[in-house]
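Taking it in order: structure first as structure tokens, then the write-up.
The values are calculated or read from the model by the stated rules, or taken from the named source; none is laboratory data. Being a predicted model, the structure only gives us computed values, none of them experimental. Cβ atoms come from the backbone with ideal geometry, glycine included; neighbour counts cover every protein chain shown. Remember, those area values only see protein heavy atoms, side chains included, never the ligands or the DNA or RNA. Shrake-Rupley method; radii C 1.70, N 1.55, O 1.52, S 1.80 Å.
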Amino acid sequence: MSNSRKLLCLGLLSVLLLAPALAGDALGRTRVGELEMTPLSTQHPYPGGQTLRYEIHHPGATYIKVHFSKFDLAPGDRLVVSSPDGTERYTFEGRGYKQLGSDFWVNSVLGDRAILTLQSNGSGGYGFDSDYYAHGTVPLFTQPGLDDVESVCGSNQWTDVECYNSSYPTEVDRAKRAVVVLYNGIENCTGVKVGCPNQIMSNEHCVTSQGEVDVTEVRFEYQRADCNAGSTTFSEAYLGDTFQQDNFTLDYSIFTVEG
């Protein structure tokens, strides 16, 4: 490992030690999901003045992330992608993410169900076509095995961030800048918020172009809710926005996120 890369690793170490769940494969992205080629579409056109509800259920999935092959809603209408209890809600209007109109991902939803609610206030429009979705296959908290590329030197002392709330409040607060970078629906890397208002630094081997930023999502505080207990949560999730720069030798990339 070069000296410059060592310095970069040391600079992130204080954040990543407090977020052990964010650990990823140092040689590339970590596979955490699979694609399910199950299409879902509205009527074309969809009826106006109604609320239409669709559900994607994949038993055992750790998350659901929907991909759209076409998306075009009438002015004033919106699609809300949410968890069943409504704690996660992401709204898309017009032609969707970046107004692309086709071939884009929306935000992921934790768990094995995602609810799509189309709220129409006018006379209706084309609607949407979803050609597939990604479902999470890997639990957030797993222990490294003997055949993993990564290993732990000495005893495994990983523990949840919440365990340090009282003893290391400053470090816990700084760890909130760490993110999981979900790439193309099925792979994870790590990153950290480095600039205002919305710059994220990850590895060059994870994100290295505008096209890759466009299939990237970041999740803040992706961790268990309690110390060594509780369900997996995260505080905020944002889709990628603009690629800014990268460096192969130093193995870093910087991009912004929406919102």
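Computed values, structure above
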quantity: Quarter of Cα convex hull surface for the stretch 159-259, i.e. mean projection, nm²; calculated: 6.8 nm²
quantity: Cα gyration tensor, the stretch 166-223 - rounded (a/c under 1.5), prolate or oblate; calculated: prolate
quantity: From phi via Karplus (6.51, -1.76, 1.60), per-residue ³J(HN,Hα) for the stretch 226-232 in Hz, x at Gly/Pro; calculated: 10, 6, 6, 6, x, 7, 6
quantity: Among 216-227, 105-116, 80-91, the order from most to least packed when residues are scored by Cβ within 10 Å on average; calculated: 105-116, 216-227, 80-91
quantity: Accessible area in square angstrom per residue, the stretch 31-74, 1.4 angstrom probe; calculated: 51 Å²
quantity: Compactness of the stretch 39-102, expressed as Rg and Dmax over alpha-carbon positions, Å; calculated: 12.6, 37
quantity: The stretch 67-126, accessible surface, carbon-and-sulfur percent (1.4 angstrom probe); calculated: 43 percent
